[in-house]
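Novice: The structure is given below, and queries will be raised subsequently.
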Amino acid sequence: MYAIPFLDIPPLLHAGGTVRLPGSKSISNRVLLLAGLSEGTTTIHDLLDSDDTQVMLTALRTLGCGIESVAGSLRITGLGGRLQGKEAALFLGNAGTAMRPLTAALAMLAATQGGTFELSGVPRMHERPIADLVDALRPLGCRIDYLGQTGYPPLRLLPGSGALDLSAPIRVRGDVSSQFLTAMLLALPLLTEHQEAVIDIDGELISKPYIEITLNLLARFGISVQRDGWQRFVVPAGSRYRSPGSIHVEGDASSASYFIALGAIASTDSPLRIEGVGTDSIQGDIRFVEAAQAMGAQVTGGAGWIEVRRGRWPLAAIDLDCNHIPDAAMTLAVMALYADGPSRLTNIASWRVKETDRIAAMAIELRKLGATVVEGPDFIEITPPLRWTPAVIHTYDDHRVAMCFSLAAYNALAEPTPANPVAVRILDPKCVGKTFPDYFETLFSVAGTKPEWIPVITVDGPTASGKGTVASALSDRLGYHVLDSGVLYRATALAAIRSGVQADDASGLAALAEALDLGFDSGKIRLGGADVTALLRDEEVGALASRISALPEVRQALLRLQFSFRRLPGLVADGRVMGTVVFPDADLKIYLTASAEARAQRRQQQLEAAGVSTTLAGLLAGLRERDARDQNRVIAPLKPAADAVLLDNSALTIESTVDAVKDLWEQRRPFA
Ligand code: DC
């Protein structure tokens with residue numbers, strides 16, 4: 001996998017259809033920890049597969065939990081409260097939902113059973129405070145050392161006296177991050193078999209809905225915490241983890257916020273449907289729905305689904321205390337760009353200690369788009385742009401910054417003459433992997449724009465110039481779709497052979513081409529549902545493809561199918577006449593050449609690797625003959641578009657050819 005340095009999103013215009021959301025990060029990591037501490041096996045369905053859950057899984061595996069993937073679900077065999085190994089070093093990335101609860105659980109296990117554990121993360125994790133949790137654990141008898149700066153990870157957890165003291169209430173600060181309380185609540189049942197544990201909250205507890213998720217999931221694992229308002233929590237004596245056997249993770253409500261916003265901004269004819277999380281969700285961020293409604297969204301929903309469409313437009317400005325929806329509130333900050341006046345989001349001090357300082361980050365990036373932003377220690381105020389400016393959005397390794405700024409691409413709805421074919425450039429778009437690895441694919445499956453705004457790169461050239469390999473590698477590197485147009489001619493040929501349509505029956509062949517039922521999934525090509533990847537490479541199929549590709553009726557019939565490959569975020573199209581007939585408006589046209597000798601040598605290497613022996617002279621003669629035929633044919637002759645860039649790669653490897661094309665592409669883009 002290549003890192004993709006940036007993703008350009010053209011001005012978007014509408015949205016519609018259905019999205020299915022990945023599992024909730026908050027639920028996934030809590031369930032993983034609870035399953036890992038329980039006795040016996042828990043089957044987890046619809047677990048989120050992302051960076052943050054991977055670090056938790058790796059940590060559990062290191063600690064000796066059994067982890068098995070069965071038919072798309074995960075089976076975790078827990079420790080049953082007994083340490084398997086006495087030493088481990090755990091790397092927890094930037095996952096607060098792994099660092100905090102593992103610190104609490106392992107500090108208690110290390111102290112009572114004797115063990116030494118080191119917990120570390122990425123540099124940003126070492127800037128995220130943890131002192132309040134350490135200060136809650138130490139009075140029990142837990143021994144915790146700071147390995148770097150006092151008050152921050154990395155930490156070393158050390159053996160204690162064997163028993164921990166629960167006689168006095170444990171004091172936990174509630175006003176910096178609710179994750180400290182969550183961590184204590186998740187871990188305390190390790191100690192409560194014979195005695196109760198009492199937690200008193202210092203300060204006003206923030207992000208209460210996250211505590212509700214914690215209590216809800218603890219109940220699923222047999223622990224019923226008693227609470228007195230939000231001030232005191234009691235884990236009763238006799239509490240111990242009991243696996244529910246199997247558990248389902250609901251879709252992520254914070255992730256839903258981007259699509260709820262999308263519906264409110266861009267879904268006009270029919271609603272945008274969200275599946276996997278519904279109005280019955282146990283996640284606090286589901287209350288983002290109310291905030292979106294206050295801005296004008298029309299929302300309906302039920303168990304496991306939500307439908308949203310645009311109501312008011314422009315959206316209504318809001319002044320909202322966002323303490324109950326800290327993560328989803330970032331989405332409101334981008335919705336505020338489309339509002340009828342200044343919006344104010346308050347009580348969001350916790351933004352400053354998240355993946356990045358989110359108040360500062362949002363202010364800087366919103367200003368780039370033309371908004372006027374005032375920030376304070378715990379609030380942000382956004383006045384929509386008078387004139388929108390296309391912008392390069394820095395994402396600070398923060399998945400939510402990347403996801404919510406993609407919604408700024410709807411600038412054309414607020415300002416109908418987009419100044420630029422790129423509305424926003426999102427830097428390091430893969431940072432969404434923290435919670436929603438397929439975010440952009442999901443967005444583009446429901447977002448629409450004018451086809452002519454979707455970038456296209458065409459790659460053409462003589463046979464064996466490497467154009468197919470280059471096109472495919474380039475599409476990987478840019479995160480674009482790829483069209484190997486030769487496959488369409490080959491598939492038409494295969495369909496003709498199968499149905500007995502003759503090679504000179506132009507209208508019969510055109511009808512076949514028009515109705516091709518082609519599918520592409522994970523490197524396989526399907527015709528009518530069946531895998532034909534290998535069959536399409538057949539000699540006979542290739543020969544017929546070559547013949548029928550000379551029929552204007554067939555070429556015409558395949559045009560619409562080829563246009564349909566022009567999908568967000570962009571297309572690399574390979575083959576004859578891509579840059580002249582099919583995509584004459586392509587943003588970059590590459591004509592790849594190489595000397596006949598170089599191409600013959602490459603072909604020989606390919607054939608030899610496949611166990612076929614040939615002579616160079618024979619191959620060379622064959623290539624020259626094919627070149628002449630391709631260049632001189634009347635229909636769709638092989639020739640570069642007038643505005644194509646000629647790239648002779650005789651002396652280049654495929655890798656360096658791809659690099660060269662990618663450089664050309666980046667130079668041509670706006671913001672270069
Ligand atoms: O690139 P290929 O060998 O898979 O292509 C199969 C045939 O289709 C080949 O004879 C060239 C022809 N073709 C075409 O005429 N126009 C295209 N855009 C792509 C392929």
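Novice: Out of the residues in the stretch 458-491 meeting the condition of being among the charged types (D, E, K, R) and more than 11 Å from the ligand (Cβ to nearest atom), tell me which one is farthest from Gln562 (Cα to Cα).
Specialist: The extreme case among them is Arg477.
Novice: Oh, and also: Is it the case, given these coordinates, that Ala294 is in a helix (DSSP H, G or I), among the aliphatic types (A, V, I, L, M) and surrounded by fewer than 21 Cβ atoms within 10 Å (Cβ to Cβ)? It would help to see each step written out before you state the result.
Specialist: On the way: in a helix (DSSP H, G or I): yes; among the aliphatic types (A, V, I, L, M): yes; surrounded by fewer than 21 Cβ atoms within 10 Å (Cβ to Cβ): yes.
Judged against the criteria, Ala294 is a match.
Novice: Would you call Val634 within 16 Å of the ligand (Cβ to nearest atom), out of contact with any helix residue (DSSP H, G or I) (no Cβ under 8 Å at 6 or more places or on another chain), more than 30 Å from Val424 (Cα to Cα) and part of a loop (DSSP other than H, G, I, E, B)?
Specialist: yes
Novice: Confirm whether Arg599 is within 16 Å of Gly466 (Cβ to Cβ), within 13 Å of the ligand (Cβ to nearest atom), among the charged types (D, E, K, R) and in contact (Cβ under 8 Å) with a residue 24 or more places away in the chain.
Specialist: Working: within 16 Å of Gly466 (Cβ to Cβ): yes; within 13 Å of the ligand (Cβ to nearest atom): no; among the charged types (D, E, K, R): yes; in contact (Cβ under 8 Å) with a residue 24 or more places away in the chain: yes.
No: the conditions fail for Arg599.
Novice: Which pairs do you get when a residue that is farther than 18 Å from Asp630 by Cα and among the hydrophobic types (A, V, I, L, M, F, W, C), found in the stretch 528-551, comes within reach of a residue that is more than 8 Å from the ligand (Cβ to nearest atom) and outside any helix (DSSP H, G or I), reach meaning Cβ atoms under 8 angstrom, with the pair 6+ apart or on two chains?
Specialist: Hits for this filter: Val532/Ile525; Val532/Arg526; Leu536/Ile525.
Novice: With the structure loaded, tell me whether Thr435 is of a type in the set (Ser, Thr, Tyr), away from the ligand (no atom under 16 Å from the Cβ) and buried (at least 23 other Cβ atoms within 10 Å of the Cβ) or whether it fails that test.
Specialist: yes
Novice: Considering only residues that are farther than 25 Å from Phe6 by Cβ, within 40 Å of the chain's Cα centre (by Cα) and not small (Gly, Ala, Ser), which ones fall in the stretch 633-652?
Specialist: Matches in the stretch 633-652: Leu638, Lys639, Pro640, Leu646, Asp648, Asn649.
Novice: Further question on the same structure: Within the stretch 248-258, can one find any residue that is within 30 Å of Leu37 (Cβ to Cβ), β-branched (Val, Ile, Thr) and assigned to a helix (DSSP H, G or I)? Before you say what the answer is, go through the steps one by one.
Specialist: Step one: filter the stretch 248-258 for residues within 30 Å of Leu37 (Cβ to Cβ), giving 248-256.
Remaining after also requiring β-branched (Val, Ile, Thr): 249.
In the following step, the residues that additionally are assigned to a helix (DSSP H, G or I) were identified as none.
No, because not a single residue in the stretch 248-258 is within 30 Å of Leu37 (Cβ to Cβ), β-branched (Val, Ile, Thr) and assigned to a helix (DSSP H, G or I).
Novice: Further question on the same structure: Of the residues Leu568, Leu558, which is hydrophobic (A, V, I, L, M, F, W, C) and within 24 Å of Arg477 (Cβ to Cβ)?
Specialist: None of the other options fit; the residue is Leu568.
Novice: On to the next question. Before we move on, is Asp630 within 31 Å of the chain's Cα centre (by Cα) and either of a type in the set (D, E, K, R) or modelled with pLDDT under 90 (or both)?
Specialist: Details: within 31 Å of the chain's Cα centre (by Cα): no; either of a type in the set (D, E, K, R) or modelled with pLDDT under 90 (or both): yes.
Spelling it out, it is not the case that Asp630 is within 31 Å of the chain's Cα centre (by Cα) and either of a type in the set (D, E, K, R) or modelled with pLDDT under 90 (or both).
Novice: Quick one: count up the residues across the stretch 631-664 that are among the polar types (S, T, N, Q) and touching a Ser or Thr at 6+ places or on another chain (Cβ under 8 Å).
Specialist: The qualifying residues number 2.
Novice: Which of the residues spanning the stretch 485-506 are surrounded by fewer than 21 Cβ atoms within 10 Å (Cβ to Cβ) and not hydrophobic (A, V, I, L, M, F, W, C)?
Specialist: Answer for the stretch 485-506, where residues must be surrounded by fewer than 21 Cβ atoms within 10 Å (Cβ to Cβ) and not hydrophobic (A, V, I, L, M, F, W, C): Gly486, Arg498, Ser499, Gly500, Gln502, Asp504, Asp505.
Novice: Of all residues in the stretch 566-589, which are surrounded by 19 or more Cβ atoms within 10 Å (Cβ to Cβ) and within 12 Å of the ligand (Cβ to nearest atom)?
Specialist: Listed by number, the residues that qualify are Ala573, Asp574, Gly575, Arg576, Val577, Met578, Gly579, Thr580, Val582, Phe583.
Novice: Does any residue in the stretch 558-584 that is among the β-branched types (Val, Ile, Thr) come within less than 6 Å, Cβ to Cβ, of a residue that is part of a loop (DSSP other than H, G, I, E, B) and more than 12 Å from the ligand (Cβ to nearest atom) six or more places away or on a different chain, and which pairs are these?
Specialist: Val572/Tyr480; Thr580/Ala641
Novice: Considering only the stretch 130-147, state which residues are part of a loop (DSSP other than H, G, I, E, B) and surrounded by fewer than 16 Cβ atoms within 10 Å (Cβ to Cβ).
Specialist: Scanning the stretch 130-147 gives a single hit, Leu147.
Novice: Those residues that are surrounded by 21 or more Cβ atoms within 10 Å (Cβ to Cβ) and part of a helix (DSSP H, G or I), I need them from the stretch 447-474; list them, please.
Specialist: Selection gives Lys467, Val470, Ala471, Ala473, Leu474.
Novice: For the stretch 545-559, give me each residue that is more than 7 Å from the ligand (Cβ to nearest atom) and within 15 Å of Ala495 (Cα to Cα).
Specialist: Hits for the stretch 545-559 are Arg547, Ile548, Val554, Ala557, Leu558.
Novice: Suppose the filter is touching an Asp or Glu at 6+ places or on another chain (Cβ under 9 Å), over 30 Å from Pro416 (Cα atoms) and in a helix (DSSP H, G or I); does Phe180 pass it?
Specialist: yes
Novice: Can you pull out the residues in the stretch 59-87 that are buried (at least 18 other Cβ atoms within 10 Å of the Cβ) and either assigned to a strand (DSSP E or B) or at negative phi (or both)? Don't jump to the end; show me each part of the working.
Specialist: Step one: filter the stretch 59-87 for residues buried (at least 18 other Cβ atoms within 10 Å of the Cβ), giving 59-60, 63, 65, 74, 76-79, 81, 83.
Ala59, Leu60, Leu63, Cys65, Leu74, Ile76, Thr77, Gly78, Leu79, Leu83, listed by residue number.
Novice: Let me ask something else. Give me the pairs: first residue in the stretch 111-140 and polar (S, T, N, Q), second residue assigned to a helix (DSSP H, G or I), beta-carbon distance under 7 Å, and six or more apart or on different chains, which are they?
Specialist: Within 7 Å, the pairs are Thr116/Ala110.
Novice: Filter the stretch 267-283 down to the residues that are surrounded by fewer than 24 Cβ atoms within 10 Å (Cβ to Cβ) and either among the hydrophobic types (A, V, I, L, M, F, W, C) or in contact with a Pro (Cβ under 8 Å, 6 or more places away or on another chain) (or both) and list them by number.
Specialist: Gly276, Ile282
Novice: Pick out the one residue from Arg560, Arg526, Arg547 that is exposed (fewer than 12 other Cβ atoms within 10 Å of the Cβ) and of a type in the set (D, E, K, R).
Specialist: Sole residue among the options that is exposed (fewer than 12 other Cβ atoms within 10 Å of the Cβ) and of a type in the set (D, E, K, R): Arg560.
The values are calculated or read from the model by the stated rules, or taken from the named source; none is laboratory data. Predicted, not measured: the structure shown is a model, and the values here were computed from it. FYI the Cβ positions are ideal-geometry reconstructions off the backbone, even for glycines, and counts take in every protein chain you see.
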